[in-house]
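*Asks:* The structure is given below, and queries will be raised subsequently.
The values are calculated or read from the model by the stated rules, or taken from the named source; none is laboratory data. Computed from a predicted model, the values in this text were never measured in an experiment. Glycine gets a Cβ as well: all are built from the backbone with ideal geometry, and neighbour counts include every protein chain shown.
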Amino acid sequence: MASSPTRTTPRIIVYHQTTHDPNGNLISILPLITQPNISLTHIIVAAIHINEDPNGLTLNDHPPSDPRFITTWAELRVAQASNIKVLGMLGGAAKGSYARLDQDQSSFETYYAPLYNLIRERDLNGLDLDVEEEMSLGGIVRLIDRLRADFGPEFIITLAPVAAALLDPRRNLSGFDYEALEVMRGAQIAWYNAQFYCGWGDASSPVMYEMCVARGWPPEKVVVGLVTSPENGPGWVPFEVLGATFAVLQRQYAKFGGVMGWEYFNARPGGKDRPWEWAQRMTGLLKGTQTEAAQNTGTAGSLKIGAGEIDPDVGTGPKVEVPVSFEYYSDGLDE
């Protein structure tokens with residue numbers, strides 16, 4: 001008799017952009033490894049920027065080889081040795097990286113070369129493409145193809161669209177249609193770190209995730225992206241609410257894609273003093289050890305929508321507004 005499939009803990013991913021506090025003190029990621037009851041799967045170090053000078057590649061505001069990053073890179077090696085995959089994030093809120101890669105072939109080669117060198121030098125396990133500026137579909141396909149050709153089948157390629165972009169190609173920050181990209185290069189994309197926050201998504205209930213799956217997105221490829229603190233932008237969801245959401249999603253989807261948090265340094269509930277507690281709480285939620293509240297509310301499973309085609313492209317729904325500006329300290333906001 002065949003054995004029943006074993007449910008594994010979904011991905012738990014954290015972005016690490018603020019590597020130092022305002023006084024220049026290191027923010028260590030080692031507690032993510034040494035503290036108990038944490039099943040972190042991926043760390044995404046952010047943010048890599050391609051600047052006007054092709055040789056001026058930066059990690060936040062500094063060259064990746066800057067002495068300030070010596071310990072950070074060493075800790076990321078420890079994470080890799082502890083079976084945590086380490087990716088870099090290209091792009092983000094600072095625009096320009098993808099515009100420079102979305103030019104003629106000669107310009108592409110010029111700007112791509114330092115990125116290639118960084119991935120090789122730091123032995124990154126993958127690259128997260130956070131396209132928050134206009135880019136052509138052909139341009140992102142070319143970049144994905146080149147990464148796959150240069151770094152092989154084990155290299156992890158992810159993208160970070162706003163969640164609304166998975167439902168309506170007009171409501172995104174990237175310019176290209178993610179559904180078209182999935183058709184063309186889905187086999188090369190490991191998953192999508194979908195931003196369910198800042199007005200582009202809602203993780204306070206399972207409904208928007210269910211809509212993505214009903215639309216045709218494989219649940220194993222849609223990761224629920226969260227802000228880890230209200231200080232990091234609108235849309236923060238308390239853990240007791242997330243517990244109910246994840247309980248429903250894991251019950252419905254055996255291959256639920258997981259969760260990612262933006263970002264590590266001030267993540268609740270521990271805040272700046274104990275930011276690793278976010279990963280502890282997420283581990284408990286996704287392993288089912290902290291879902292009792294969801295079981296007792298009587299709401300688990302009641303929000304499931306029909307399995308029919310959901311097509312918001314008709315444009316009759318409310319317009320999604322661009323999120324308002326907000327400020328918080330981050331190591332990458334000085335440029």
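*Asks:* May I ask you to list the residues in region 91-106 that are in contact with a helix residue (DSSP H, G or I) (Cβ under 7 Å, 6 or more places away or on another chain) and free of Cβ contacts under 8 Å to residues at least 40 places away in the same chain?
*Replies:* The one that is in contact with a helix residue (DSSP H, G or I) (Cβ under 7 Å, 6 or more places away or on another chain) and free of Cβ contacts under 8 Å to residues at least 40 places away in the same chain: ASP102.
*Asks:* With respect to GLY288, is the statement that it is at pLDDT below 95 and not β-branched (Val, Ile, Thr) true?
*Replies:* Numbers: at pLDDT below 95: yes; not β-branched (Val, Ile, Thr): yes.
The answer is yes for GLY288.
*Asks:* Is there any pair linking a residue in region 14-25 that is over 13 Å from THR72 (Cα atoms) and among the aliphatic types (A, V, I, L, M) to one that is part of a loop (DSSP other than H, G, I, E, B) and at pLDDT 95 or above, with Cβ under 8 Å and at least six apart or on different chains, and which?
*Replies:* Close Cβ pairs satisfying both conditions: VAL14/LEU40; VAL14/THR228; VAL14/GLU263; VAL14/TYR264; VAL14/ALA267.
*Asks:* Listed residues LEU87, LEU101; which is among the aliphatic types (A, V, I, L, M) and under 19 Å from the mean Cα position of the chain (by Cα)?
*Replies:* Details: LEU101 fails: under 19 Å from the mean Cα position of the chain (by Cα).
Going through LEU87, LEU101 in turn, the sole match is LEU87.
*Asks:* Continuing with the same structure: Condition first: among the aromatic types (Phe, Trp, Tyr) and either closer than 30 Å to THR34 by Cβ or in contact with a Pro (Cβ under 8 Å, 6 or more places away or on another chain) (or both). Now tell me which residues in region 52-111 satisfy that.
*Replies:* Pass one, region 52-111, residues among the aromatic types (Phe, Trp, Tyr): 69, 73, 98, 108, 111.
Hits for region 52-111 are PHE69, TRP73, TYR111.
*Asks:* Could you check, for region 255-262, whether at least one of its residues is modelled with pLDDT of 95 or more, farther than 16 Å from ILE12 by Cβ and either of a type in the set (Gly, Ala, Ser) or under 15 Å from the mean Cα position of the chain (by Cα) (or both)?
*Replies:* The answer is no; no qualifying residue exists.
*Asks:* Are any of the residues in region 171-190 at pLDDT 95 or above and touching a Cys at 6+ places or on another chain (Cβ under 9 Å)?
*Replies:* Checked against the condition, which is being at pLDDT 95 or above and touching a Cys at 6+ places or on another chain (Cβ under 9 Å), region 171-190 yields no hits at all.
*Asks:* Also: What is the number of the single condition among (1) modelled with pLDDT under 50; (2) of a type outside the set (Gly, Ala, Ser); (3) surrounded by 14 or more Cβ atoms within 10 Å (Cβ to Cβ); (4) not in a loop (DSSP other than H, G, I, E, B) that ASP313 does not meet?
*Replies:* (3)
So that you can scan it fast, the table gives a plain yes or no per residue for (1) farther than 16 Å from ARG120 by Cα; (2) hydroxyl-bearing (Ser, Thr, Tyr); (3) surrounded by fewer than 21 Cβ atoms within 10 Å (Cβ to Cβ):
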site	(1), (2), (3)
PRO31	yes, no, yes
ASN37	yes, no, yes
VAL45	no, no, no
ASN55	no, no, yes
PRO67	yes, no, yes
ILE70	yes, no, yes
ALA74	no, no, yes
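*Asks:* Is region 267-290 home to any residue that is under 17 Å from the mean Cα position of the chain (by Cα), charged (D, E, K, R) and buried (at least 17 other Cβ atoms within 10 Å of the Cβ)?
*Replies:* no
*Asks:* Moving on. Please state which of the following conditions GLU182 fails to meet, knowing it meets all the rest: (1) part of a helix (DSSP H, G or I); (2) farther than 24 Å from SER97 by Cα.
*Replies:* (2)
*Asks:* Name the residues in region 79-96 that are among the aliphatic types (A, V, I, L, M) and loosely packed, with under 14 Cβ neighbours inside 10 Å, would you? Steps first, please.
*Replies:* Pass one, region 79-96, residues among the aliphatic types (A, V, I, L, M): 79, 81, 84, 86-87, 89-90, 93-94.
Across region 79-96, the qualifying residues are ALA81, ALA93.
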